[in-house]
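Asks: A single structure is presented below for examination.
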Amino acid sequence: MDKKNYQPIDEETLFVVSQTFKALSDPTRIRILHLLFKKECSVTEISNSLELKQSNVSHQLRFLKQLRLVKYRREGKTLFYSHDDEHVINMLQQTIHHARHH
């Protein structure tokens with residue numbers, strides 16, 4: 001890397017990067033993102049699939065939604081969640097592959 005052309009990371013980008021890694025540091029959020037990578041789910045489906053309390057799932061989804069890592073669509077009274085950032089999903093998949101490789 002050419003030191004003369006080094007551009008430091010701006011504060012806003014630095015904050016978003018650190019928040020993204022914070023999101024991926026929690027096993028429950030990793031499990032939710034991994035499930036949503038495979039299929040779109042309601043809170044109830046996530047709760048049942050991962051054997052988690054719905055209140056915990058809702059709390060984690062709020063956090064992930066704030067970071068734009070998940071999105072939702074409404075069908076009647078039900079919200080269906082899916083992943084919203086291919087970059088983060090790719091990073092998660094690569095990290096899972098790395099962990100399984102060793």
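Asks: Considering only residues of segment 70-88 that are among the hydrophobic types (A, V, I, L, M, F, W, C) and over 20 Å from residue 17 (Cβ atoms), which is surrounded by the fewest Cβ atoms within 10 Å (Cβ to Cβ)?
Replies: So in segment 70-88, the residues among the hydrophobic types (A, V, I, L, M, F, W, C) come out as 70, 79-80, 88.
Restricting the remaining residues to those that are over 20 Å from residue 17 (Cβ atoms) gives 79-80.
Details: 79: 14, 80: 16.
Once the filter is applied, the top-ranked residue is 79.
Asks: Do you know which residues across segment 1-38 are out of contact with any His (no Cβ under 8 Å at 6 or more places or on another chain) and touching a residue at least 24 places away in the same chain (Cβ under 8 Å)?
Replies: From segment 1-38, those out of contact with any His (no Cβ under 8 Å at 6 or more places or on another chain) are 1-32, 34-35, 38; that's our starting set.
The answer is 16, 19, 20, 23, 24, 26, 28, 29, 30, 32, 34.
Asks: Does segment 51-69 contain at least one residue that is under 17 Å from the mean Cα position of the chain (by Cα) and either exposed (fewer than 10 other Cβ atoms within 10 Å of the Cβ) or assigned to a strand (DSSP E or B) (or both)?
Replies: no
Asks: OK, next. Can you find a residue that is hydroxyl-bearing (Ser, Thr, Tyr), within 28 Å of residue 12 (Cβ to Cβ) and touching a residue at least 24 places away in the same chain (Cβ under 8 Å) anywhere in segment 61-80?
Replies: Of segment 61-80, the ones hydroxyl-bearing (Ser, Thr, Tyr) are 72, 78.
Imposing the further condition that a residue be within 28 Å of residue 12 (Cβ to Cβ) reduces the set to 72.
Still in the list and also touching a residue at least 24 places away in the same chain (Cβ under 8 Å): none.
No, that holds for no residue.
Asks: In this structure, does residue 45 turn out to be of a type in the set (Asp, Glu), surrounded by fewer than 16 Cβ atoms within 10 Å (Cβ to Cβ) and out of contact with any Leu (no Cβ under 7 Å at 6 or more places or on another chain)?
Replies: On the way: of a type in the set (Asp, Glu): yes; surrounded by fewer than 16 Cβ atoms within 10 Å (Cβ to Cβ): no; out of contact with any Leu (no Cβ under 7 Å at 6 or more places or on another chain): yes.
When the stated conditions are applied, residue 45 does not pass them.
Asks: Determine if segment 9-25 includes at least one residue that is surrounded by 14 or more Cβ atoms within 10 Å (Cβ to Cβ), in contact with a strand residue (DSSP E or B) (Cβ under 7 Å, 6 or more places away or on another chain) and not in a strand (DSSP E or B).
Replies: No.
Every read-out reported here was derived from the displayed coordinates using simple, explicitly stated rules and does not represent laboratory data. Note that the structure is a prediction, hence the values are computed from the model and not measured. Counting neighbours? That spans all protein chains shown, and the Cβs are built from the backbone with ideal geometry, glycine included.
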